[in-house]
Amino acid sequence: MSQTEGARLFREAWIAGVRQHFPGEPKAGYVTPWADTPEWERAAAGSVHAQVRQFIEVSDGKTARLSREQKGRFVAICWTAQMFKQFDDPKPGYVADWPDLPAWQQETDADVFEAIEKSLS
């Protein structure tokens with residue numbers, strides 16, 4: 001899968017998760033279609049997809065045994081690193097630690113990991 005395809009998979013899983021878990025109507029930026037997603041966000045999504053894919057591969061697929069929380073935490077920390085790469089002074093919400101993320105975002109991050117896992121099986 002190319003970097004762009006991986007980034008799109010990440011974005012589509014993110015949007016699906018937001019639509020499922022966000023309480024009420026999500027901000028437009030949370031569900032922006034791929035064609036309108038900013039380049040920095042596309043790059044970050046592609047990088048996180050690659051990190052998760054590699055983690056799954058070097059674990060011989062045994063990541064299926066991780067809890068949803070562990071999967072979500074991995075996505076969240078990879079995303080945080082990308083935000084520090086993309087921005088000199090990222091918004092606090094972009095780099096919040098796991099316990100500070102809202103439940104909908106934790107669930108969405110776990111969904112993203114599981115979507116990448118599924119794409120590899």
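The values are calculated or read from the model by the stated rules, or taken from the named source; none is laboratory data. Given the structure is predicted, the values throughout are model-derived calculations rather than measurements. Note that each Cβ is placed from the backbone with ideal geometry, even for glycine, and that neighbours are counted across all protein chains shown.
The set of residues in the stretch 102-119 being crowded, with 16+ Cβ neighbours inside 10 Å and farther than 17 Å from residue 15 by Cβ consists of 117 alone. Among the residues of the stretch 93-110, those that are more than 20 Å from residue 60 (Cα to Cα) and assigned to a helix (DSSP H, G or I) comprise 93, 94, 98, 99, 100, 103, 104, 105, 106, 107, 108, 109.
Looking only at residues of the stretch 1-56 that are in a helix (DSSP H, G or I), among the β-branched types (Val, Ile, Thr) and touching a residue at least 24 places away in the same chain (Cβ under 8 Å), we find that the one that is surrounded by the fewest Cβ atoms within 10 Å (Cβ to Cβ) is 4. Taking the criterion of being closer than 19 Å to residue 74 by Cα and either among the acidic types (Asp, Glu) or more than 10 Å from the chain's Cα centre (by Cα) (or both), the residues of the stretch 4-14 that qualify are 6, 8, 12.
Residue by residue through the stretch 5-29, note down the ones that are within 21 Å of residue 84 (Cα to Cα) and modelled with pLDDT under 95. Matches in the stretch 5-29: 29 only. Within the stretch 43-91, the set of residues being touching a Leu at 6+ places or on another chain (Cβ under 9 Å) and modelled with pLDDT under 95 comprises 61 only. Looking only at the stretch 60-71, which residues are within 19 Å of the chain's Cα centre (by Cα) and in a loop (DSSP other than H, G, I, E, B)? Within the stretch 60-71, 61, 66, 67 meet the criteria.
Step by step: first the residues of the stretch 67-86, then only those that are touching a residue at least 40 places away in the same chain (Cβ under 8 Å) and not basic (Lys, Arg), then the one that is surrounded by the most Cβ atoms within 10 Å (Cβ to Cβ). Which residue is that? Checked the stretch 67-86; the qualifying residue surrounded by the most Cβ atoms within 10 Å (Cβ to Cβ) is 72.
Just so you know, in the stretch 72-92 the residues that are of a type outside the set (A, V, I, L, M, F, W, C) and in a loop (DSSP other than H, G, I, E, B) include one that is nearest to residue 30 (Cα to Cα), and it is 91.
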